[in-house]
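**Q** I have a structure I would like to understand better, so I am pasting it below and will then ask my questions one at a time.
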């Protein structure tokens, strides 16, 4: 099986390492000529603080070289804001049997889920679009620590088939058939993680953080079920699993941004200093708008969005949230 990974991002390169094996050839696809040229000159690749030795099972190739054969996997591992642009580059290479797996998290500029964007941009059927999502901190995977993830296709038999192909002793894959639920859990947890970074920087304590995570989880469920996602999906790897890892680990990019935000950094400053995409910041704008349009009660998301994008004081945001009228836990 050939797994073609579009995106020589940290996550894309991490996936190339963990998915490559004697039975699975991985093609890591580059768009930037200069980056590919530099990679071809060296024997190892630097990702974060890690030096990763190049493997015979990973071919580093330019997008112009990409040829998709029957049942090949095209795995998308690019930041959500650049996904549409990257899809334009591959749309003429897609054939009817190409299986597309999105490992990106977020929404497009119009608020569509990424699977919807993929379907519309590539003119492919829903049954050939899958989602890979779970508690996957790239730094831990690069250290060789075990991780799990959920692979979802509409057809559970297809999910089972590709699960068995890519699962291994370090990266255990489970299968599911709720594509939309897997996507939404992975996108919204980043917003909650930013809030947890703020809470940790303000030293508000574990009680506050636990409450924030659990009430944030309720908002994820509320939002997801409004898209007809299955509620049980959010209590699995792509929901609560991903949420916990992203909210409690200082390896999480979105948590790091929240911590920096509460220290006085702006979004622009953090991005410029770290050369990263903050998916939660992008998602918060979209989710906030959808919540208003659908009349969904999502105070944590709305408050976090105000702190990120409207320069709202985190202390005032906490006071406003805690001062809301009492309510039932589940509504």
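**Q** Filter region 283-304 down to residues that are touching a residue at least 12 places away in the same chain (Cβ under 8 Å) and not in a helix (DSSP H, G or I) and give me whichever is surrounded by the fewest Cβ atoms within 10 Å (Cβ to Cβ).
**A** 297
**Q** For region 108-192, which fully contained helices (runs of 4 or more DSSP H) count at least 3 residues that are over 16 Å from the mean Cα position of the chain (by Cα), in the same structural domain as residue 53 (by TED's automatic domain parsing) and touching a residue at least 12 places away in the same chain (Cβ under 8 Å)?
**A** Fully inside region 108-192 and qualifying: 156-166.
**Q** With respect to the numbered conditions (1) over 30 Å from residue 8 (Cβ atoms); (2) in contact with a helix residue (DSSP H, G or I) (Cβ under 6 Å, 6 or more places away or on another chain); (3) in contact (Cβ under 8 Å) with a residue 60 or more places away in the chain; (4) not in a helix (DSSP H, G or I), which one is the sole condition not fulfilled by residue 307?
**A** It is condition (4) that residue 307 fails.
**Q** So residue 312 clears everything in (1) within 17 Å of the chain's Cα centre (by Cα); (2) surrounded by 15 or more Cβ atoms within 10 Å (Cβ to Cβ); (3) in a loop (DSSP other than H, G, I, E, B); (4) free of Cβ contacts under 8 Å to residues at least 60 places away in the same chain except one condition, right? Which one?
**A** With (1) within 17 Å of the chain's Cα centre (by Cα); (2) surrounded by 15 or more Cβ atoms within 10 Å (Cβ to Cβ); (3) in a loop (DSSP other than H, G, I, E, B); (4) free of Cβ contacts under 8 Å to residues at least 60 places away in the same chain applied to residue 312, the lone miss is (1).
**Q** Another one. Has region 233-254 got at least one residue that is over 28 Å from residue 179 (Cα atoms) and surrounded by 13 or more Cβ atoms within 10 Å (Cβ to Cβ)?
**A** no
**Q** Sort through 304, 277 and tell me the only one that's within 19 Å of the chain's Cα centre (by Cα), in the same structural domain as residue 228 (by TED's automatic domain parsing) and farther than 20 Å from residue 201 by Cα.
**A** Among 304, 277, only 277 is within 19 Å of the chain's Cα centre (by Cα), in the same structural domain as residue 228 (by TED's automatic domain parsing) and farther than 20 Å from residue 201 by Cα.
**Q** When residues of region 266-282 are filtered for being assigned to a loop (DSSP other than H, G, I, E, B) and surrounded by fewer than 16 Cβ atoms within 10 Å (Cβ to Cβ), how many remain?
**A** Of the residues in that region, 2 qualify.
**Q** Next question, about the same structure. Could you check region 9-65 for strands (runs of 3 or more DSSP E) lying wholly inside it with 1 or more residues that are out of contact with any strand residue (DSSP E or B) (no Cβ under 6 Å at 6 or more places or on another chain) and more than 23 Å from residue 90 (Cβ to Cβ)?
**A** The strands (runs of 3 or more DSSP E) meeting that bar are 44-47, 50-53.
**Q** Only residues that are surrounded by fewer than 20 Cβ atoms within 10 Å (Cβ to Cβ), under 25 Å from residue 10 (Cα atoms) and touching a helix residue (DSSP H, G or I) at 6+ places or on another chain (Cβ under 8 Å): list them for region 148-166, please.
**A** Once the filter is applied, which keeps residues that are surrounded by fewer than 20 Cβ atoms within 10 Å (Cβ to Cβ), under 25 Å from residue 10 (Cα atoms) and touching a helix residue (DSSP H, G or I) at 6+ places or on another chain (Cβ under 8 Å), region 148-166 yields only 148.
**Q** Just need a number here: residues in region 50-84 that are farther than 29 Å from residue 127 by Cβ, surrounded by fewer than 18 Cβ atoms within 10 Å (Cβ to Cβ) and without any contact (Cβ under 8 Å) to a residue 60 or more places away in the chain.
**A** Qualifying residue count, region 50-84: 6.
**Q** Looking at this structure, is residue 249 within 17 Å of the chain's Cα centre (by Cα) and modelled with pLDDT of 95 or more?
**A** Yes.
**Q** All but one of (1) in contact (Cβ under 8 Å) with a residue 24 or more places away in the chain; (2) buried (at least 16 other Cβ atoms within 10 Å of the Cβ); (3) out of contact with any strand residue (DSSP E or B) (no Cβ under 8 Å at 6 or more places or on another chain) hold for residue 263, so report the exception by its number.
**A** (2)
**Q** Still on this model: Which members of region 193-213 meet the condition of being over 30 Å from residue 115 (Cα atoms) and in a helix (DSSP H, G or I)?
**A** 198, 199, 200, 201, 206, 207, 208, 209, 210, 211
The values are calculated or read from the model by the stated rules, or taken from the named source; none is laboratory data. Since we're looking at a predicted model, the values are computed, not measured. Here Cβ is always computed from backbone atoms with ideal geometry, including for glycine, and neighbour counts include all displayed protein chains.
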